[in-house]
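Right, one structure below, let's go through it.
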Ligand SMILES: [Zn+2]
């Protein structure tokens with residue numbers, strides 16, 4: 001893997017600056033063809049958005065910049081190892097490579113612990129902390145049937 005330390009230094013600078021902008025100590029940049037095309041910082045409390053982690057914000061800015069839902073051909077540099085939500089978003093965005101500085105254990109030491117989510121994912125549904133119940137499957141399948149028979153759609 002061929003990383004560029006300058007891109008990581010920018011992600012780290014974003015994470016530091018963000019503390020003075022009412023945000024958490026996390027920053028990320030997305031790179032395409034050797035250039036930073038988008039940045040993101042943690043805006044969870046500032047925007048009352050629990051999904052506004054640095055990586056998610058950077059992905060939203062990059063897809064808007066490229067006017068494309070796919071970030072194939074891009075790399076993400078993030079100041080901290082991505083949490084399960086951000087890791088999933090990175091996969092959905094088709095990003096080519098992930099570089100991170102701080103580890104999840106470093107984040108845990110300052111009160112950002114995502115290990116419980118990794119634990120939850122590994123548990124069977126009935127053992128998870130948040131109750132989850134399936135019902136109305138037949139009705140729910142209507143949209144899937146419609147999707148299957150629609151020819152004018154953007155697959156992703
Ligand atoms: Zn995250």
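Name the residue, out of 38, 58, that is part of a strand (DSSP E or B) and either within 16 Å of the ligand (Cβ to nearest atom) or within 22 Å of residue 25 (Cα to Cα) (or both).
Working: 58 fails: part of a strand (DSSP E or B).
Every option except 38 fails the conditions.
Scan the stretch 84-116 for residues that are assigned to a helix (DSSP H, G or I) and within 20 Å of residue 4 (Cβ to Cβ) and jot them down.
First, the residues of the stretch 84-116 that are assigned to a helix (DSSP H, G or I): 84-92, 104-109, 115-116.
Once the filter is applied, which keeps residues that are assigned to a helix (DSSP H, G or I) and within 20 Å of residue 4 (Cβ to Cβ), the stretch 84-116 yields only 90.
Name the one entry in 98, 56 that is free of Cβ contacts under 8 Å to residues at least 60 places away in the same chain, touching a helix residue (DSSP H, G or I) at 6+ places or on another chain (Cβ under 8 Å) and more than 25 Å from residue 129 (Cα to Cα). Can you show your working first?
Working: 56 fails: more than 25 Å from residue 129 (Cα to Cα).
Testing whether each residue is free of Cβ contacts under 8 Å to residues at least 60 places away in the same chain, touching a helix residue (DSSP H, G or I) at 6+ places or on another chain (Cβ under 8 Å) and more than 25 Å from residue 129 (Cα to Cα) leaves just 98.
Only the coordinates and a few stated rules stand behind these numbers; no lab work does. If you're wondering where the values come from, they're calculated on a predicted model, not measured in any experiment. We place every Cβ from the backbone using ideal geometry, glycine too, and count neighbours over all the protein chains shown.
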